[in-house]
Amino acid sequence: MSNAAENAEPDAPEPDVPERPDLRRVRGDKRRSTILETAVEVFGEQGYRGTSLREIARRVGISDAGLLHHFGSKMGLLAATIAARDEIDRDRREQSEAAGVAFVDTMREQVARNTRSPGLVALHVVLSAEATDPQHPAHESFRERYRAIRHQDDESFSRLQEQGELRTDLDPERVGQLVTAMMDGLQLQWLLDPDAVDMEGLFEDFLHLLEIPPASHGE
């Protein structure tokens, strides 16, 4: 005779229980996002030199020490603010392209926004220059940032070339680097003498040199 235990149905496997989220980490991530959103806003309003960590902390509703707790140092916060601004710009660009805005026109929109945010532009220009020093605490983050943007638009420039809207004697994989280098230099000149440097107009002149058609304002 078979043993009763041998004939018993095997125990059903226990259902997977989803791991409970770490509420402290969730709250910390949310607070970090709030700080960065506020920092982007304050730098845009008050400029690189005029912005204090105390003002950012006040708007978020935490202490100065609590602010730095999330980023390790003031420099960590500044570098993270630039990264957050980049993310906001990418989201806007994706939304514009999803709405049918042409790739080059999204770049034009970005340049126009920059003219309305001198504080954020100054933050980028100053920190990126300082971060060229290998010993600078933001050196690695800026090097990775430029590595990421160096070729992010290669496919878009290739399509422009295929459509006859970009000079055929240029390597599409180098055009994005040219655009980035031109904009960095143009933003520096604009910050130094905004009344004499027409950032939007000069950007359009540069696109003309690349034989990129002008914007269609009527559409």
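Readers should treat all values here as calculations from the given coordinates under stated rules, not as data from a laboratory. If you're wondering where the values come from, they're calculated on a predicted model, not measured in any experiment. All Cβ positions, glycine included, derive from the backbone under ideal geometry; neighbour counts span all protein chains shown.
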- [ ] Note down the nm distance, to one decimal, between modelled labels 7 Å out along Cα→Cβ at A112 and at E140.
- [x] 4.0
Task: Inter-label distance for Q163 and E130, nm, one decimal - labels placed 7 Å from Cα along Cα-to-Cβ - done: 4.0
TODO: Run the numbers on the chain and let me know its relative contact order in percent, using alpha-carbon pairs under 8 Å that are six or more apart.
DONE: 17
Open item on the list: Give me the extension gain from T180 to E200: residue separation times 0.36 nm, minus the current Cα-Cα distance, reported in nm with one decimal.
Closed with: 5.8 nm
TODO: Mind sorting L36, L77 by how few other Cβ atoms lie within 10 Å of their own Cβ, fewest first?
DONE: L77, L36
TODO: Treat every Asp and Glu Cβ in the chain as -1 and every Lys and Arg Cβ as +1, leave all other atoms uncharged, and give the resulting dipole magnitude about the Cα centre to the nearest 20 debye.
DONE: 1260
Open item on the list: If I model a spin label as a point 7 Å beyond the Cα along the Cα-Cβ vector, how far apart are those points for A65 and Q46 in nm?
Closed with: 2.1
- [ ] Note the per residue figure in Å³ for the convex hull of the C-alpha positions in region 150-219.
- [x] 102
Task: Fewest-first sequence of K30, K74 by Cβ atoms within 10 Å of each Cβ - done: K30, K74
Task: For the chain, with +1 on Lys and Arg beta carbons and -1 on Asp and Glu, the positive-most of G201, V175, G61 along the dipole - done: G61
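Extension gain R92-L209, at 0.36 nm per residue separation less the Cα-Cα distance, in nm? Please list the in-between numbers first.
On the way: separation 117, 0.36 × 117 = 42.12 nm, distance 2.64 nm.
Full extension of this stretch gives 39.5 nm more.
So what's the chain giving for Cα Rg divided by 2.2 N^0.38 Å, two decimals?
1.44
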